[in-house]
1. Pick from Asp112, Asp83, Asp94: which residue has the top mean-square fluctuation in a GNM of the chain where Cα pairs under 10 Å get a spring?
2. Over 18 Å between C-alpha atoms is what I'm after, so list which of Lys49/Lys82; Lys65/Lys137; Lys37/Lys130; Lys49/Lys98 land there.
3. Using Stokes-Einstein with the Kirkwood hydrodynamic radius over Cα pairs, what translational diffusion coefficient do you get for the chain at 20 °C and a viscosity of 1.002 mPa s, in µm²/s rounded to a whole number?
4. Residue by residue through region 38-43, what is 3J(HN,Hα) from phi via Karplus (6.51 cos²θ - 1.76 cosθ + 1.60, θ = phi - 60°)? Round to whole Hz and write x for glycine and proline.
5. Any number yet on Rg/Rh for region 87-157, C-alpha, Kirkwood?
6. Among residues other than Phe52 whose Cβ falls under 15 Å from its Cβ, what is the net charge (Lys/Arg +1, Asp/Glu -1)?
7. Run through region 1-108 and list the GluC sites (Glu not before Pro) located in a DSSP loop whose Cβ has at most 11 other Cβ atoms within 10 Å.
8. Considering only DSSP states other than H, G, I, E and B, which GluC sites (Glu not before Pro) in region 111-194 qualify as loop sites with at most 13 other Cβ atoms within 10 Å?
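Just so it is clear, none of the values below were taken in a lab; they were calculated from the coordinates. Since we're looking at a predicted model, the values are computed, not measured. FYI the Cβ positions are ideal-geometry reconstructions off the backbone, even for glycines, and counts take in every protein chain you see.
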Amino acid sequence: MKNSLTMRTEASYSLNFLIYIQNIYFNHCLNREEEYKFPYFPQQTIAFKEEFELNYRKLWHQVAKRIAKHHINDPKIFYKEKDIIFQELFITSDESLKKYEDLYHTFKVWWDSFAGRFSIERSTDERGQKLYWELAKLLEQNGKEPEKELNISIIYDEYLFSEIQKYSYFNIVPINDFYVNYRELPKKLLESVD
């Protein structure tokens, strides 16, 4: 059988922004400095909705599902539908909206810099090549022929609120999995090629 695997890896705008917000929320709820996550804003008090975690899980799933449908949806969500994130996760007020806009712009400045999206994607380049060949070999060993492109959306940190759902030909992978959990990664990706 000929290798017909095509694989796209890219850092997701929307999912990484949601991770950014998740980490701010997590830091806000923590009292242990050694467990803080990036970004850490000690002076920032943000008015999260009381049902933040439930709304976050629902929003995460909606965003991931749309990106799984077509990767072009990712920048659309981030640039044109950013208000949905505010409405779902933050208490509605002028002050809260201002803080959310500051948060959005802070993320965007980081994301558009070499330290943001570029670094996230480059940090997985070499491992991504290795992953491609290991996955192609697994597909061949299992007699599987991919029907379409496999999309991998890289996130800079772990998703904390539950397991990441599985999607057909789409995976959300934290950078950590490319290094610390690499042994399981090819098998995990194989499951999404159905």
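1. Its mean-square fluctuation being the largest, the pick is Asp94.
2. Lys65/Lys137; Lys37/Lys130
3. 121 µm²/s
4. Each residue of region 38-43 in turn: 6, x, 10, 10, x, 8 Hz.
5. Working: Rg = 19.2 Å, Rh = 15.7 Å.
My calculation of the ratio gives 1.22.
6. Net charge in that neighbourhood comes out at 0.
7. The qualifying sites are Glu50, Glu51.
8. Taking region 111-194 and a limit of 13 other Cβ atoms within 10 Å, the loop GluC sites (Glu not before Pro) found are Glu147, Glu149, Glu163.
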